[in-house]
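Input: a single structure, listed below in structure tokens.
The values are calculated or read from the model by the stated rules, or taken from the named source; none is laboratory data. Bear in mind that the values here come from a model prediction, so they are computed numbers and not experimental data. We place every Cβ from the backbone using ideal geometry, glycine too, and count neighbours over all the protein chains shown. Each accessible area value is taken on the protein alone, full model and side chains, heavy atoms only, with ligands, DNA and RNA left out. Shrake-Rupley method; radii C 1.70, N 1.55, O 1.52, S 1.80 Å.
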Amino acid sequence: MEKIDIHLSKFSFAQKLNLMETIWDDITKDEKVLESPGWHNEVLRDREEALATGKAKFSDWEKAKERIKGNISCDYVS
């Protein structure tokens, strides 16, 4: 595969995020091409077990986002 040379230092943070999102959108168009890594099923089983035994619980998405925002600091994302 030919390497693509992109001078990322010339892009703003917002442009870099947009580029990353555009690439991800393109990669994820075809689910059949994406394979979960081998460890993924084990993690899913562990999480299902934690839910079943009460060691973990679901959170409301809006409340979870607010909790996450309170735990991070980022000066360049509005």
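At-a-glance table
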| item | result |
| --- | --- |
| Full-extension gain in nm, Thr53 to Phe11, via 0.36 nm per residue minus C-alpha separation | 10.4 nm |
| Accessible surface, the chain, averaged per residue in Å² (probe 1.4 Å) | 104 Å² |
| For Val33, net neighbour charge (Lys/Arg +1, Asp/Glu -1) across residues whose Cβ lies under 15 Å away | -3 |
| Semi-axis lengths, Å, the chain, gyration tensor of Cα atoms, sqrt of 5 times eigenvalues | 32, 23, 11 |
| Dipole-positive endmost among Leu51, Leu8, Thr22 within the chain (Cβ charges, Cα centre) | Leu51 |
| Accessible area of the range 1-69 belonging to carbon and sulfur atoms, whole % at 1.4 Å probe | 55 percent |
| Pairs of Lys in the chain closer than 29 Å at Cα, counting only those 8 or more apart or on different chains | 17 |
